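Note sheet for the following structure.
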Amino acid sequence: LMFTWAGAYEWIYEKLGGFDIAMAGGAMSAIHLNPFPIIFSAYYLDWKLPGRDLPENMVPQLAERSVNDPILTVEDYDKIIDKGILHAFSFRKAGLGDLMKLNKLATLIKENVQKWLTHYMVPSLADAAAYLPFEILSYLRGSTNFMKDIYRFPEKIKEVSDFMIDGVIAVGEYLACLTGGNTILTGVIRSSSDFISNKHFEELAFPYFKKAVTKWINDGFVVQLHCDTDWTSKLHYFKELPKGKIYLHIDERTDIFKAKEILGDHMCVQGNIKPSLFTLGTPHQLEEKTKEIIDGCADGGGLWVGSEIPEDAKLENVKAVVDTCKTYGKYRK
């Protein structure tokens, strides 16, 4: 899988004439077998995997055990504090054989990172991923249960988060060192404006968010804030994070023009072309959308036009964005 994935990525890089950054570490080829508690790990959550639960060429799918059969119960909050989060580890979806392959896979990922840095001379998008306590607990409890817990047991969520945060920070740094890279991704979804209020964000999510990001940056890492869903009303909080070592990856739910206005002198802003356009749109539409983002956000620097590209994207649509950035997106001397 690793060799197939890496070869395909090199092929598309050459096909499009190169671009500015790469998913060099092979993160997505291994992420579902991650033995640490991240939201993609099949050792913690019920992911349906291609070649097992799904046909080989399908996209992995999360089957969340939400209301009646959550992976963690309310009583498990205390169990995490007493025994750690690893008691949620299971072999429901991934097996012991997968676990034994991880050492070999880590070596291949590290080699691939170095190849992109030295041969292609392109930095890596993310060399490690670590998810914050609020996100992890939400997935393990199930979104419905956890949103109720926010009102019923806020102090317990704080207590568990206090216990978990130093381990989360250590996991991010450990994985980055394993791959030989220096960018740590933290994905934040269920602490966005689509899920919780600013009040709950301030109380239950942001203190741990800030602690982790600040520690990673102080230890010499670059941080990717991978912010899915709508973060527009929470963008001002990010001004409290260290300046100049973060890039904010937003999707189309967040207003990129507002992000540029608030954070343009503080961190790099990446986004935010709608992924479905790559499948359903035309090259002209992609070109116009790219120009719109450049026109509205390029002033002063710190813009990175991007998107998560779906598996069934049309090549000509991807090429339209890359080519437009290379021509229209150049800063005039």
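The values are calculated or read from the model by the stated rules, or taken from the named source; none is laboratory data. Bear in mind that the values here come from a model prediction, so they are computed numbers and not experimental data. Note that we place each Cβ from the backbone using ideal geometry, even for glycine, and neighbour counts take in every protein chain shown. Each accessible area value is taken on the protein alone, full model and side chains, heavy atoms only, with ligands, DNA and RNA left out. Shrake-Rupley method; radii C 1.70, N 1.55, O 1.52, S 1.80 Å.
Quick notes on this structure:
- Residue pairs whose Cβ atoms lie under 7 Å apart, separated by 6 or more positions or on different chains, with the first residue in region 304-318 and within 10 Å of Pro275 (Cβ to Cβ) and the second in a loop (DSSP other than H, G, I, E, B) and among the aromatic types (Phe, Trp, Tyr), do not occur.
A quick yes/no check of all residues on (1) open to solvent by 10 Å² or more (accessible area, probe 1.4 Å); (2) under 30 Å from Asp162 (Cα atoms):
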position: Lys211; (1), (2): yes, yes
position: Ile217; (1), (2): yes, yes
position: Lys234; (1), (2): no, yes
position: Asp265; (1), (2): yes, no
position: Pro275; (1), (2): yes, no
position: Lys291; (1), (2): yes, no
position: Asp295; (1), (2): yes, no
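- When Glu308 is tested against (1) out of contact with any strand residue (DSSP E or B) (no Cβ under 6 Å at 6 or more places or on another chain); (2) under 15 Å from His249 (Cβ atoms); (3) open to solvent by less than 20 Å² (accessible area, probe 1.4 Å), just one condition goes unmet, and that condition is (3).
- Within region 176-190, being under 26 Å from Thr229 (Cα atoms) and either free of Cβ contacts under 8 Å to residues at least 24 places away in the same chain or in a helix (DSSP H, G or I) (or both) holds for one residue alone: Ala176.
- For region 127-139, the count of residues that are within 17 Å of Thr73 (Cβ to Cβ), of a type in the set (Val, Ile, Thr) and at pLDDT below 95 is zero.
Okay, residues lined up against (1) over 21 Å from Tyr328 (Cα atoms); (2) at pLDDT below 95:
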| residue | (1), (2) |
| --- | --- |
| Lys245 | yes, yes |
| Lys260 | no, no |
| Gly264 | no, yes |
| Asn272 | no, yes |
| Leu277 | no, no |
| Leu280 | yes, no |
| Asp295 | no, no |
| Gly300 | no, yes |
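Per-residue answers, yes or no, for (1) in contact with a Cys (Cβ under 9 Å, 6 or more places away or on another chain); (2) closer than 17 Å to Ser192 by Cβ:
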position: Lys243; (1), (2): no, no
position: His249; (1), (2): yes, yes
position: Ile262; (1), (2): no, yes
position: Pro283; (1), (2): no, no
position: Glu287; (1), (2): no, no
position: Gly300; (1), (2): no, no
position: Ser307; (1), (2): no, no
position: Lys330; (1), (2): no, no
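- Listed by position, the helices (runs of 4 or more DSSP H) inside region 1-105 whose residues that are open to solvent by 30 Å² or more (accessible area, probe 1.4 Å) and within 20 Å of Pro133 (Cβ to Cβ) number at least 2 are 76-83.
- Residue pairs meeting the criteria (Cβ under 7 Å; at least 6 apart or on separate chains; first small (Gly, Ala, Ser), in region 84-102; second modelled with pLDDT of 90 or more and part of a helix (DSSP H, G or I)): Ala88/Leu140
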